[in-house]
Each structure stands twice: as C-alpha cells, then as structure tokens.
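J.: Okay, handing you the structure first.
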Amino acid sequence: MQVSDSDSNKVEIAPVTGRAADAIIAELEAQIMSGRLENNAPLPSERELIEQFGASRTVVREAITALSSKGLIESKPRFRPIVRKPDYETALHAVGGIVRHLLGDRGGVKNLYDSRVFIERGLVRDAALSADKNDIRQLRQALAVNKLAIEDSSAFYETDVAFHGVLYRISGNPVFPAIHEGYTSWLAPHWDRMLRSPERNLTNYHAHEAIVDGILDRDPAAAEEALLAHLKAAWEYVRNTFEIEE
C-alpha cells in the first residue's frame, strides 16, 4: 500500500497483519505524533483518505473510529474529525468512560475520592514548602473569588473547583492538572446532585482559608491537617447525601 506525504511523494507502508484498517491507523497515528497532521486541525476528508490509502470507505471509517477511541481525534456528527495530539489530559479523557463505569461498583466513588485525598495532601505539603510569589498570588485570588460566591451556590461550586485546581498546578508537573480535570469530570455527576446552601458554602470557604493559611505559614503539617479535615467533612456530607456505604 502507498500513501502520499505533504509533498505528494509516495511513502511505502510496510505490510501489517490484522485488520485492513491497521496500516491506516498506524500511519495516521504516526503523522499526528510527528506533527505532520497538525494538532487542532481537521483530519483530511474521507474522500482524501480513500484516495491516499487506496482503501474502501468502510475501512477508512473503521480507522477513524479507532483513532477516536484512542483520543487522537475528536469526532462530531456532521463535522470533519479534529486532530488531538495526545497529552496527559487526553490520556485521562480516553479512560474516562471506563472510570465512570467503575464508579457504579460498590465502593467505587469512595475509592476514587480516597485517591484524591491522597494526592491533595501531598500537593498542599509541597505547596507549603515550595509555592512562589506567583503561586501565592493565584491562591489568594482563587480564595477571594471563592468568598465572593458564597451566596450563589452554583458559582461557589465553580470557584471551589478552581481553588483546588490551583493546588494541582503549583508543583509545575503537568500530570497533576490533568488528574484534577479527571476528578472534576468523573465526580461531577455525583456532586451536581448535592443540595447546596450558603451556610455549607461558608463552611467550605473557611476550610479553604485554613489550607491557604498553612501554606502561607510555610507549615506543611498545618496545611495537610486543614486539607484532611476539609475533605473528610466533605466526604461525610457526600456519603450521607447519597447513603453511600463504606
């Protein structure tokens, strides 16, 4: 089988075993990873891919479906698929459907929540030791916006998520913000069903304030203690709301 590169030069694809679409999948994946197919740009049309690979429409569509399941393209009805060069967020998004199924298992929500606690207690300790002036500025700003939203539960939820998001960014490791996006997405269906009130929002705000105080005091133990108290109280509220057995 032959394909044309961007300069219309013929490129030989080594024969592969398996489905007829496998060679197309491998070649397009290589082009996405190398940047020949640009991130956020439309994938070539079905007609172009059929001509490029000398394949049937069915085989090309099979390849597109496979690339979509890998998170390498984003497909929407009536639109050309969009190239998505993988990053940590893409990787977590690709397993999102599986995680959401696992949350239906006994203990699934608690297991995921416990993993969040484990990660965040390390993040706040690290923040207390290493947060720089810009990190502190972002924490203070997120806390101030959180306070302003206390009377509006919908806005408070968004600012609550944003506050915790700052904690995930302070280390500078791109894995952690992606994990935060995953937690937010996976747990949102449960959190969205919870009853909220300004009184509950105020309690959570003061918990955030205590976490920031520990970080500002450069006291990892105090920051961790505040974080654990906050997430433990939050879990009890979630557990009682949904009658989740531990």
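J.: Roll a 1.4 angstrom probe over the protein heavy atoms and tell me the percent of accessible area of the range 128-193 that is carbon or sulfur. Kindly include the intermediate steps, with their values, before the conclusion.
T.: On the way: 1880 of 3370 Å².
In the range 128-193, the share of accessible area belonging to carbon and sulfur is 56 percent.
J.: Then there is this: How do Arg125, Arg116, Arg19, Arg84 rank by accessible surface area computed with a 1.4 Å probe, from largest to smallest?
T.: Numbers: Arg125 90, Arg116 35, Arg19 115, Arg84 70 Å².
These residues rank, largest area first, as Arg19, Arg125, Arg84, Arg116.
J.: Go through the range 144-230 and name the GluC sites (Glu not before Pro) that are in a DSSP coil and have 11 or fewer other Cβ atoms within 10 Å of their Cβ.
T.: Numbers: sites: Glu151, Glu158, Glu181, Glu199, Glu209, Glu224, Glu225; in loops: Glu151.
Taking the range 144-230 and a limit of 11 other Cβ atoms within 10 Å, the loop GluC sites (Glu not before Pro) found are Glu151.
J.: While we're here: Using a/c under 1.5 as the rounded threshold, could you call the range 124-246 rounded, prolate or oblate? The axes a ≥ b ≥ c are square roots of the C-alpha gyration tensor eigenvalues, and prolate needs a/b larger than b/c, oblate otherwise.
T.: Taking the square roots of the gyration eigenvalues as a ≥ b ≥ c, the range 124-246 is prolate.
J.: Got a sec? Charge dipole of the range 180-223, +1 on Cβ for Lys and Arg, -1 for Asp and Glu; which of Ala207, Ala221, Pro189 is way out at the positive end?
T.: Positive-most Cα among the choices belongs to Pro189.
J.: Cross-link candidates for Lys76: which lysines have Cα within less than 26 Å, leaving aside residues fewer than 8 places away along the same chain?
T.: Lys85
J.: Straight-line reach from Lys232: which lysines fall under 25 Å, measuring Cα to Cα and dropping same-chain residues less than 8 apart?
T.: Straight-distance partners of Lys232: Lys110, Lys147.
J.: Quick one: compute the contact order of the range 110-173, relative version, from alpha carbon pairs under 8 angstrom and 6+ residues apart, as a percent.
T.: Once divided by the residue count of the range 110-173, the mean separation gives 45 percent.
J.: Return the long-range amide H neighbours of Ile73 (sequence gap of 5 or more, or a different chain), with a cut-off of under 5 Å between placed amide H atoms.
T.: Ser68, Arg84
The values are calculated or read from the model by the stated rules, or taken from the named source; none is laboratory data. Every value quoted in this text rests on a predicted model; they were computed, and no experiment measured them. Cβ sites come from the backbone with ideal geometry, for glycine too, and all protein chains shown count toward neighbours. The accessibility values were calculated without ligands, DNA or RNA, using every heavy atom of the protein model including side chains. Shrake-Rupley method; radii C 1.70, N 1.55, O 1.52, S 1.80 Å.
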